[in-house]
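Some notes on the structure that comes next.
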Amino acid sequence: MTTLTMTRATLLKDLRMEWRSKDAINSMLFFALLVVVIFSFAFNPTAEESRRIAGGLVWVAFLFAAVVALNQTWARELRNQVLDAYRVSPAPPNALFLAKAVGNFLFVVVLEALMAPLFVVFYELRSVGPLWQLIVVALLGTWALVVNGTFFAALSIRTRSREIMLPLILFPISIPALLGMVDATTAILTGEASPDFWIKMLAVYDVVFTAVCLLLFETVLNAE
Amino acid sequence: MKNIFVTFVALTVGLLAFSTYQGLFVAPTEQTMGEVQRIFYYHVPSAWTAGVCFFVNFLASVAYLWKRNAASDALAAASAEVGVMFCTVVLITGPIWARPVWGIWWTWDARLTTTLVLWLIYVSYLVLRRFAAGGQTQVLAAALAIFGFVDVPIVYMSIRWFRTQHPSPVMGGGENSGLDPAMLHAFFWNLLSFTCVGIVLMVLRYRLQRLEEKVEATHAAAALQGGAQ
């Protein structure tokens, strides 16, 4: 069984389960909506101001919402010892990891696509810079959050108080990626600076940490 | 082995006393900054020692994943704790110096932010060690240590994009750089003594970790025997 077929099988299984239950996407959506509404109350910005602060607001909302989904990633594999069964099977561990990471990536991207219009409505957001750059930043940034998040979720399910553990270990490592997303988004929205450096930085971050995750996942999966 | 360590501790105490005297009394007072500049003799050696500790932590973590021996893991735990302690000293002495010299406690400058992020990463490492369950702690901690170490250069690079306010390296810089020889003298004594203090603390913490493991193993063995009766 090759990595690719295994990845596809696991991914399709997760997507089908999500399609039928809609657990992750519903909780993420509602959570992000709450964050948006609360920020809107707290700042009540004008169109000019909101361009300046939106980069931060958007990514904080997505980050917190993503943690909600990431925490559920491995929980369903613990029931009926699915994870243990996976460990004794000859399937490549990285296929499981990639499937989970891609699944989370898709959930968060769908969330972002659904939330974007809300930001436009609540914050009168209109971008000065080109839209395609925003999409590139969103995709690179989401992968940066999700690849490490999926890995650290696998770490944190083995700890006490696992739900709290994930953000505690994910956020410090993600600081450069968050900085890149926020600054690139602000640069594009205001059109005052070039986001090129940050886009390159995010790409480097993605490549480096995807490699580290794939290198270490088998070790963590089999940790006893 | 024990005698060597006791001698080393005695030497370190002596060295620390000497270097403190050098830093506080022998080194000349800086012209523009005044006495507050003397904090430099503690700030920079602490940063250096923290860096050494985190590097030891990385090497020990890789060694643990490679060999799976309890000794590497104990060293990783010890070096992370001592490193966080020195990093805390850096983060406290920095603002004490910055307030009179820059007029602000804190600024989001490359080196300051990198140090803070470094501190956050290794605190999260210690939290993970505390919360991980039983026999998995070592592997999970070692994996996180590698993530943390890989992250540091990326943090530094990304934050350098902002304006940098921290003094550029004083030694080995441009034309007007360089310390007064008397200051350099005091600085190197402090660098040496802080490194020695770091080593002493790491060795002590390492021994404590090994002792704790032994106590745990003894308890487990006793519980097993009790259950068999």
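The values are calculated or read from the model by the stated rules, or taken from the named source; none is laboratory data. Computed from a prediction, not measured in an experiment: that's the story for all the values here. Backbone-built Cβ (ideal geometry, glycine too); neighbour counts: all protein chains shown.
Data table
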read-out	value
Sole exception among (1) surrounded by 16 or more Cβ atoms within 10 Å (Cβ to Cβ); (2) over 17 Å from the mean Cα position of the chain (by Cα); (3) within 7 Å of chain A (Cβ to nearest Cβ) for B:GLY135, by number	(1)
Subset of the range A:6-64 (residues that are free of Cβ contacts under 8 Å to residues at least 60 places away in the same chain and buried (at least 17 other Cβ atoms within 10 Å of the Cβ))	A:PHE31, A:VAL35, A:PHE39, A:ALA61
Test for A:GLY149: is it within 14 Å of chain B (Cβ to nearest Cβ), under 25 Å from B:ASP151 (Cβ atoms) and not hydrophobic (A, V, I, L, M, F, W, C)	yes
So A:SER156, is it among the hydroxyl-bearing types (Ser, Thr, Tyr) and surrounded by fewer than 18 Cβ atoms within 10 Å (Cβ to Cβ)	no
Residue match in the range A:69-82 (condition: at positive phi and either part of a loop (DSSP other than H, G, I, E, B) or out of contact with any helix residue (DSSP H, G or I) (no Cβ under 9 Å at 6 or more places or on another chain) (or both))	yes
Test: residue in the range A:169-181 that is over 14 Å from the mean Cα position of the chain (by Cα) and more than 10 Å from chain B (Cβ to nearest Cβ)	no
From B:THR20, B:THR32, residue being modelled with pLDDT under 90, on the phi < 0 side of the Ramachandran plot and surrounded by fewer than 12 Cβ atoms within 10 Å (Cβ to Cβ)	B:THR32
Single condition B:VAL52 does not satisfy, out of (1) β-branched (Val, Ile, Thr); (2) under 22 Å from B:LEU126 (Cα atoms); (3) over 12 Å from the mean Cα position of the chain (by Cα)	(3)
Looking only at the range A:183-224, and only at residues there that are part of a loop (DSSP other than H, G, I, E, B) and buried (at least 16 other Cβ atoms within 10 Å of the Cβ), the one that is farthest from the other protein chains (Cβ to nearest Cβ)	A:PRO195
All positions within the range B:148-158 that are under 16 Å from A:PHE152 (Cβ atoms) and touching a residue at least 24 places away in the same chain (Cβ under 8 Å)	B:GLY148, B:PHE149, B:ASP151
Test result for B:ARG111, more than 7 Å from chain A (Cβ to nearest Cβ), at pLDDT below 85 and surrounded by 15 or more Cβ atoms within 10 Å (Cβ to Cβ)	yes
Qualifying residue in the range A:109-128 (condition: without any contact (Cβ under 8 Å) to a residue 40 or more places away in the chain, assigned to a loop (DSSP other than H, G, I, E, B) and farther than 16 Å from A:LEU29 by Cβ)	no
Evaluation of B:ARG129 against (1) part of a helix (DSSP H, G or I); (2) modelled with pLDDT under 85; (3) within 14 Å of chain A (Cβ to nearest Cβ) (one fails), failing number	(2)
Qualifying residue in the range B:75-94 (condition: assigned to a loop (DSSP other than H, G, I, E, B), of a type in the set (Ser, Thr, Tyr) and out of contact with any strand residue (DSSP E or B) (no Cβ under 8 Å at 6 or more places or on another chain))	no
